[in-house]
Amino acid sequence: MSKLLRFLCISFLAIAPCVAQQPASTAPAAPAGPKKRVAVMNFDYGTVKTTVAAIFGTDQDVGKGITDLMVQKLVQDGKYSVIERAALDKIIAEQNFSNSDRADPTSAAKIGRILGVDTIILGSITKFGRDDKQVGGVGGGHSGWTGAIAGMGKKESKAVVAITARMVNTTTGEILAAVTGNGESSRSGLMLGGGGGTGYSGGGGAFNMSSSNFGQTILGEAVNKAVADCATQLDNAAATLPVYKATYSGVVADVSGNTIIINIGNKVGVRVGDSIVISRPVRTVKDPTTGKVLKTVTNDLGTATVTEVDADSATATYSGPTPPKIGDIAASAP
């Protein structure tokens, strides 16, 4: 072998491992945008109310239970920033919304604007029950749903749950997505799959869908499957939701250092994190024939970032070369 050939072979073997270890060139991942802020209204269960009462022996708010599970699932999935239930319940109480109002997209959008969320989720339970095959003996309890009761054996039991959910844009009231989640569970043996009960005590105890006892029943399994199915579809809609920015204008009502308060709030769409332009009127242009004001000419002073907001006011941190003063215009950035 010639010296040149030996040199080429040695050189190739020396660089080959390095070449093999070179990672494949990939395009940089697109930066993730801010999460959409959502709130989940209590799911309506009017369609299945009679069935629920038959199952548990008394009316139980399964709508609230499924809502709690949905909130928990959406938080875990991490596609949305989910508002705490306590904040939503407080607004509903303050606004005195009825149950019918809560199911109405227009009313829901209003609640969402007050909360400062992008989207509000309305839901309904359309199926909540069982489909049993070859029922065994009966021995008290609530329609055969309480576990570990003598004589309650069933050859095969099946639970069926279906829920629907709609995402409502809080700026326009438009329904952005509508999904349906289904869940079924069946097994041979006891209806509830053991001695755990339903998470509801026949003696008047509180019903808790989040309890492990309920989750281990076939009804609990069906509920969790329906919630997971619905939440997955809502997650898939996150990337396709349009971004709406409210347009508003108010005035500076208070100035303290670089902190300003403006006279408009979330009723008109102001949200925490918004950038607003602070400007000062310098003259007005009027129609010479009618005297009507055609335009107000302003000079931009600087910008401010909203840090707190309520229904009728917002607090913001100002930044700019010219100090603001009361009466200056505060408007949403273009």
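The values are calculated or read from the model by the stated rules, or taken from the named source; none is laboratory data. This one's a predicted model, so the numbers in the text were calculated from it and none came from an experiment. Note: ideal-geometry Cβ built from the backbone for every residue, glycine included; neighbour counts use all protein chains shown.
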*asked:* Of the conditions (1) surrounded by 18 or more Cβ atoms within 10 Å (Cβ to Cβ); (2) within 32 Å of the chain's Cα centre (by Cα); (3) polar (S, T, N, Q); (4) in a strand (DSSP E or B), S279 satisfies every one except a single condition; which number is it?
replied: (2)
*Where residues in region 112-139 are modelled with pLDDT under 75 and among the aliphatic types (A, V, I, L, M), which of them is farthest from N182 (Cα to Cα)?*
V138
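Give the residue, chosen from V255, V293, that is of a type in the set (A, V, I, L, M), more than 29 Å from A87 (Cα to Cα) and either loosely packed, with under 14 Cβ neighbours inside 10 Å or not assigned by TED's automatic domain parsing to the domain that holds N169 (or both).
Numbers: V255 fails: more than 29 Å from A87 (Cα to Cα).
After applying the criteria, what remains is V293.
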_Boolean, A253 is small (G, A, S) and outside any strand (DSSP E or B)_ = no
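Per-residue answers, yes or no, for (1) modelled with pLDDT under 75; (2) surrounded by 11 or more Cβ atoms within 10 Å (Cβ to Cβ); (3) more than 26 Å from T217 (Cα to Cα):
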{"position": "V19", "(1), (2), (3)": "yes, no, yes"}
{"position": "P23", "(1), (2), (3)": "yes, no, yes"}
{"position": "G33", "(1), (2), (3)": "yes, no, yes"}
{"position": "R37", "(1), (2), (3)": "no, yes, yes"}
{"position": "V48", "(1), (2), (3)": "no, yes, no"}
{"position": "A86", "(1), (2), (3)": "no, no, yes"}
{"position": "K110", "(1), (2), (3)": "no, yes, yes"}
*From T106, T67, grab the single residue that is at pLDDT 80 or above, farther than 23 Å from R271 by Cβ and either in a helix (DSSP H, G or I) or not hydroxyl-bearing (S, T, Y) (or both).*
T67
*K267 passes all but one of (1) outside the structural domain of T106 (by TED's automatic domain parsing); (2) not in a helix (DSSP H, G or I); which number fails?*
(2)
*Take the residues in region 312-334 that are among the hydrophobic types (A, V, I, L, M, F, W, C) and surrounded by fewer than 16 Cβ atoms within 10 Å (Cβ to Cβ), then tell me which one is modelled with the lowest pLDDT.*
A333
